[in-house]
Every structure is written in C-alpha cells, then in structure tokens.
Amino acid sequence: MSEYPDKLELLEAVAGALRDELLPGLEGRQAFVVKVAINALGIVRREIEQRPDADEAARQRLRDMLGSDVGDLDTLTEALCDRIASAEVTLQTPGLKEYLWDSTRRRVAIDQPRYSGYRRAVETD
C-alpha cells in the first residue's frame, strides 16, 4: 500500500472539481479558462498513461528502421532527422511511413483524442 495518493486519481479529482463544481457557475472568460485547465489536466493524465508505451514503440521502430540499438529516443530521432535531411531516408524507406503514422496517431491520442480526424483514422485501423 502506498502512502501517496495515486497521481491519476488526483488529476481526475481536480478536473472533476473544476468541471462539476466551478464550471457550472462561470461564464465568459472565466468559464473558458476553467475549460482550458480541465483540458490540460486531461492531457497530463493521458501523458502519464500513454507516453511510456508510445515512447517505447517509437524507440523500437527507430531502432529497426535505422539499424541501431544505440541511443535514447531523442538521439534516435535526431539520427532519423539527419538521414532525412541528407536524403538517405525517404518515404520509400521501409518503415518510415509506418513510423510517422504511428507516432502521429499516438501523439494525437494524447493531445486531442476527440479530434474527429483521429477518431475516423482509428476506426479504419
């Protein structure tokens, strides 16, 4: 048993208080600011839940595509960018399109999962 509250439960409690207790009594700019805060808390929650798997998937795809087991995600991403800039890697390079699509899909799932284009894309996957 942890002596610390679960961070996801804390985020949901704050978002719930803002959404259920404060927002109904607000209008105009104040309501907008509270909605922005609620959305930001949702992004933080999804980052905590989804980012580790997204980063690991990106690392693995980059390792496979670049043929390198060396480096963290930032190093591998920089290597990919360098290879794209030098035209060593193009959209015809096996794995690049899949990497770009997967990375974009995972980023939107964290940042804006209710985006209609994202939802349509997920439904067709």
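Derivation of every value follows stated rules applied to the coordinates shown; laboratory data play no part. Note that the structure is predicted; figures quoted are calculated from it, not measured. No Cβ is skipped: glycine too gets one built from the backbone with ideal geometry, and neighbour counts run over all protein chains shown.
Could you check the simple spin-label distance between Leu8 and Thr93, using points 7 Å along Cα→Cβ, in nm with one decimal?
In this crude spin-label approximation the distance works out to 3.5 nm.
Among (1) 24.6, 68; (2) 19.2, 57; (3) 13.2, 39, only one was calculated for this model; which label is it, if the read-out is Rg and Dmax of the Cα atoms in Å?
Of the labelled values, this structure produces (2).
For an R0 of 25 angstrom, estimate the FRET efficiency from the Cβ-Cβ distance between Val122 and Gln60 and round to the nearest 0.05.
0.75
When ranked by the protection proxy of mean other Cβ atoms within 10 Å per residue, highest first, what sequence do the peptides 56-62, 33-39 form?
Top of the packing list down: 56-62, 33-39.
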